[in-house]
Amino acid sequence: MYENYSHLSSVFIKNFGVKAVMKTSVLLTWEVPEAYKSEIQLKILYNHQNVEVQGILKKKLITQLQPDTYYTFMLMSHGTGAGGLQQQVSIRTAPNLLSVKPTQYQHYVDEDRVAINLPEVPTEAHV
């Protein structure tokens with residue numbers, strides 16, 4: 001049996017993706033179809049966690065992640081179960097390359113520039 005769900009796809013968000021990945025956070029983005037004016041409640045599922053967000057915001061910053069770790073984020077409309085409309089994206093957070101903050105080495109007042117010392121990056125780090 002074939003069922004046409006094309007009317008549902010015009011209601012759901014599209015182009016779920018990643019705008020930025022840092023070592024402990026990720027910025028997720030999506031688009032809301034122009035034809036849909038009402039509020040859309042969305043769920044973002046990842047790592048056994050559930051975050052609710054208003055779809056009209058078109059972005060969500062997920063924080064408190066672990067560095068150098070793979071995550072899969074599932075975006076679904078509020079109330080849909082497995083088999084409902086959903087989108088998924090997978091990322092790997094950036095590794096923790098700097099064990100300490102960079103320090104100022106020298107300040108050139110007359111040239112409006114600053115030289116800094118960067119800490120050593122471990123040779124086994126995935127860059």
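The values are calculated or read from the model by the stated rules, or taken from the named source; none is laboratory data. Quantities reported herein were computed from a predicted structural model and do not represent experimental measurements. Positions of Cβ are generated from backbone atoms using ideal geometry, with glycine treated the same way; all protein chains shown enter the neighbour counts. The accessibility values were calculated without ligands, DNA or RNA, using every heavy atom of the protein model including side chains. Shrake-Rupley method; radii C 1.70, N 1.55, O 1.52, S 1.80 Å.
Specify the residue that is modelled with the highest pLDDT; the eligible residues are those in the stretch 93-127 that are in contact with a His (Cβ under 9 Å, 6 or more places away or on another chain) and in a strand (DSSP E or B). Among those residues, the one meeting the criterion is Ala115. A residue that is closer than 24 Å to Pro122 by Cα, modelled with pLDDT of 90 or more and of a type in the set (Asp, Glu) can be found somewhere in the stretch 58-72.
Considering only residues of the stretch 25-35 that are open to solvent by 30 Å² or more (accessible area, probe 1.4 Å) and at pLDDT 95 or above, which is farthest from Asp68 (Cα to Cα)? The extreme case among them is Thr29. Identify, by number, the condition in (1) in contact with a Pro (Cβ under 9 Å, 6 or more places away or on another chain); (2) at pLDDT below 80 that Gly79 doesn't meet. Exception for Gly79: condition (1).
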